[in-house]
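Peer 1: Submitted below is the structure of interest, expressed as structure tokens.
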Amino acid sequence: MHKNFIVLLALAFVINCPLWLSQEALAQQPPPLEVDVQSAVLMEVSTGATLFEYNADQPIEPASFTKVLTLYVVFESLQKGLINLRDEIYISEKAWRTGGSKMFVEVGSKVPLEDLIQGIAVVSGNDACVAVAEQLYGSVDAFVNEMNRKTQTLGMTQSHFENPHGLPAEGQMTTARDMAILDAAYLKRFPHSLKYHSMREYTYNNITQHNRNRLLFKDPSVDGLKTGYVSAAGYHLSATGERDGMRLLAVVMGAKSPVAREREALKLLNYGFRNFALIQPFPKDQPVATVKVWKGLLDSLDLFPAEEATLLVTQKEKDAIRWQIEAPAEVTAPIANQQELGKMVFYIADQPKKTVSLVSHQEIARAGWFKSLWQSIVQIRLPSINWHWLTGVSAAVFLLAVFIMFVLNRRSSRRSKTFRR
């Protein structure tokens with residue numbers, strides 16, 4: 001009896017433990033959320049912060065989510081200059097015969113790479129995936145090996161891929177968390193990719209197909225990213241949108257229908273935008289402070305945040321945010337590029353929450369000996385000068401000079417009159 005009472009008391013404490021928290025702490029917590037999918041993740045893209053998760057590590061077949069990784073490898077190759085958007089890609093019989101969703105390329109033809117990218121991003125063309133894989137790495141297997149190397153680089157520890165398009169294959173598996181990691185990295189590194197993912201339709205070979213991401217038609221803030229479906233896993237949707245300078249990513253996997261995946265993804269996005277805010281007091285790549293430079297070839301230096309000067313907070317914390325720039329008024333050359341010379345501190349209700357280093361974006365070499373010597377003298381003497389005394393002396397000297405000039409002028413005038421007589 002005694003033991004049962006203790007157990008019941010412990011359970012009551014666990015269940016009601018939030019009551020022991022301060023009302024202020026409780027007020028900052030976003031309300032709970034339920035989703036009707038197998039797994040889900042909501043992420044803020046710039047910070048990588050997870051705002052909500054549900055069964056985020058449950059293994060599940062990726063389906064056409066795989067194509068985001070395929071496009072990551074393609075855009076990385078473009079960025080390195082290994083290929084060009086105008087390159088003509090040969091369509092093999094293997095690419096042409098690939099089943100599932102297609103952009104309907106013709107066997108033996110040559111298609112510009114940009115057309116294939118649009119075919120992958122907009123209409124989920126499996127044929128286009130095989131074509132770019134063969135072009136970039138010589139074979140689908142070699143391309144898939146690169147895909148799996150990329151998962152390790154990105155930290156997708158629970159994912160493995162067997163093909164570049166996502167058709168069912170034994171051993172091909174991922175999680176909602178890994179997909180969120182991939183999508184966020186993709187959006188941060190290749191933000192221009194959204195011009196393809198936001199296209200509502202695509203026409204190739206006189207065949208027009210609509211983007212399967214129907215949120216593009218329902219919410220103007222949504223501009224990507226990818227859908228997926230296999231019968232064993234259900235319906236997937238990775239949706240991204242931006243409002244008030246904050247980009248969110250909602251990954252839902254294993255929904256029961258296309259309508260359900262859209263509803264649940266939009267529910268996540270609205271939840272994130274309603275309950276969180278991204279504080280960014282300065283535009284990206286703008287200096288936040290300027291310091292004086294002694295003994296340098298330049299006399300001043302701009303300081304920039306070493307990373308994104310942003311802070312993710314709940315909407316209820318938003319009004320309690322302030323930030324402070326802590327930087328010296330002056331520095332001495334030489335100054336190295338990326339040298340840390342100050343910091344920016346974010347506070348919530350006077351509690352420091354994030355510190356961002358402030359660095360130089362240029363080198364400043366030491367000035368020549370004359371400027372250095374002069375500034376050394378000035379730097380030593382100026383702080384010790386009594387400026388009130390100096391002002392008084394300067395005024396007295398000025399008045400004395402005026403008086404002397406007046407006297408000399410009168411004497412000169414008298415001599416001129418004597419000479420004329």
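The values are calculated or read from the model by the stated rules, or taken from the named source; none is laboratory data. Model, not experiment: these values are computed from the prediction. Backbone-built Cβ (ideal geometry, glycine too); neighbour counts: all protein chains shown.
Peer 1: Filter region 277-307 for residues that are assigned by TED's automatic domain parsing to the domain that holds ASN337 and aromatic (Phe, Trp, Tyr); which is surrounded by the fewest Cβ atoms within 10 Å (Cβ to Cβ)?
Peer 2: Ranking the qualifying residues of region 277-307, first place goes to TRP294.
Peer 1: Here's something else I'd like to know. Examine region 104-113 for a residue that is part of a helix (DSSP H, G or I), over 20 Å from GLU146 (Cα atoms) and either of a type in the set (Phe, Trp, Tyr) or assigned by TED's automatic domain parsing to the domain that holds ASN211 (or both), and state whether such a residue exists.
Peer 2: Start the filter on region 104-113 by keeping residues that are part of a helix (DSSP H, G or I), which leaves 113.
Still in the running and over 20 Å from GLU146 (Cα atoms): none.
The answer is no; no qualifying residue exists.
Peer 1: Let me ask you something else. Please go through region 339-355 and give me each residue that is touching an Asp or Glu at 6+ places or on another chain (Cβ under 6 Å) and under 14 Å from ILE321 (Cβ atoms), ordered by number. Before the answer, list the steps.
Peer 2: To start, the set of residues in region 339-355 that are touching an Asp or Glu at 6+ places or on another chain (Cβ under 6 Å) comprises 342-343, 348.
If the condition is that a residue be touching an Asp or Glu at 6+ places or on another chain (Cβ under 6 Å) and under 14 Å from ILE321 (Cβ atoms), then ILE348 is the only one that fits.
Peer 1: Further question on the same structure: Within the group ASN163, ASN148, which residue is in the same structural domain as GLY228 (by TED's automatic domain parsing), surrounded by fewer than 17 Cβ atoms within 10 Å (Cβ to Cβ) and under 20 Å from GLU61 (Cα atoms)? Can you show your working first?
Peer 2: On the way: ASN163 fails: surrounded by fewer than 17 Cβ atoms within 10 Å (Cβ to Cβ).
Just a single option satisfies the conditions, and that option is ASN148.
Peer 1: Take ARG177 and tell me if it is closer than 30 Å to PHE217 by Cβ and either in contact with a Phe, Trp or Tyr (Cβ under 7 Å, 6 or more places away or on another chain) or basic (Lys, Arg) (or both).
Peer 2: Values: closer than 30 Å to PHE217 by Cβ: yes; either in contact with a Phe, Trp or Tyr (Cβ under 7 Å, 6 or more places away or on another chain) or basic (Lys, Arg) (or both): yes.
Yes; evaluated as a whole, the condition is true for this residue.
Peer 1: For region 97-121, which residues satisfy the criterion of being under 18 Å from THR203 (Cβ atoms), of a type in the set (Gly, Ala, Ser) and surrounded by fewer than 17 Cβ atoms within 10 Å (Cβ to Cβ)? Let's see the steps before the verdict.
Peer 2: Our first condition is that a residue be under 18 Å from THR203 (Cβ atoms); within region 97-121, this holds for 101-106, 109, 111-121.
Then keep just the ones that are of a type in the set (Gly, Ala, Ser); that gives 101, 109, 119, 121.
Within region 97-121, just SER109 meets the criteria.
Peer 1: For region 334-351: of the residues being hydrophobic (A, V, I, L, M, F, W, C) and over 18 Å from PHE304 (Cβ atoms), which is surrounded by the most Cβ atoms within 10 Å (Cβ to Cβ)? Don't jump to the end; show me each part of the working.
Peer 2: To start, the set of residues in region 334-351 that are hydrophobic (A, V, I, L, M, F, W, C) comprises 335-336, 341, 344-346, 348-349.
Retained after the next criterion (residues that are over 18 Å from PHE304 (Cβ atoms)): 348-349.
Working: ILE348: 18, ALA349: 11.
Of everything passing the filter in region 334-351, ILE348 is surrounded by the most Cβ atoms within 10 Å (Cβ to Cβ).
Peer 1: Shifting gears a bit: Got at least one residue in region 251-258 being surrounded by 19 or more Cβ atoms within 10 Å (Cβ to Cβ) and within 16 Å of the chain's Cα centre (by Cα)? Don't jump to the end; show me each part of the working.
Peer 2: Looking only at region 251-258, we keep the residues that are surrounded by 19 or more Cβ atoms within 10 Å (Cβ to Cβ), and these are 251-255.
Those left that are additionally within 16 Å of the chain's Cα centre (by Cα): none.
The answer is no, given that none of the residues of region 251-258 is surrounded by 19 or more Cβ atoms within 10 Å (Cβ to Cβ) and within 16 Å of the chain's Cα centre (by Cα).
Peer 1: Quick one: LYS94 ticks every box in (1) within 15 Å of LEU69 (Cβ to Cβ); (2) surrounded by 15 or more Cβ atoms within 10 Å (Cβ to Cβ); (3) in contact with an Asp or Glu (Cβ under 9 Å, 6 or more places away or on another chain) bar one, so which box is it?
Peer 2: So the condition that LYS94 fails would be (1).
Peer 1: Determine which single condition GLU317 fails, assuming it passes every other condition in (1) over 30 Å from PRO31 (Cα atoms); (2) in contact (Cβ under 8 Å) with a residue 40 or more places away in the chain.
Peer 2: (1) is the only condition that GLU317 fails.
Peer 1: Check off (1) free of Cβ contacts under 8 Å to residues at least 60 places away in the same chain; (2) part of a loop (DSSP other than H, G, I, E, B); (3) within 25 Å of the chain's Cα centre (by Cα) for LEU216 and give me the number that stays unchecked.
Peer 2: Here LEU216 meets the rest and fails (2).
Peer 1: Hey, does region 167-177 have a residue that's closer than 20 Å to ALA95 by Cα and at pLDDT below 95?
Peer 2: The answer is no; no qualifying residue exists.
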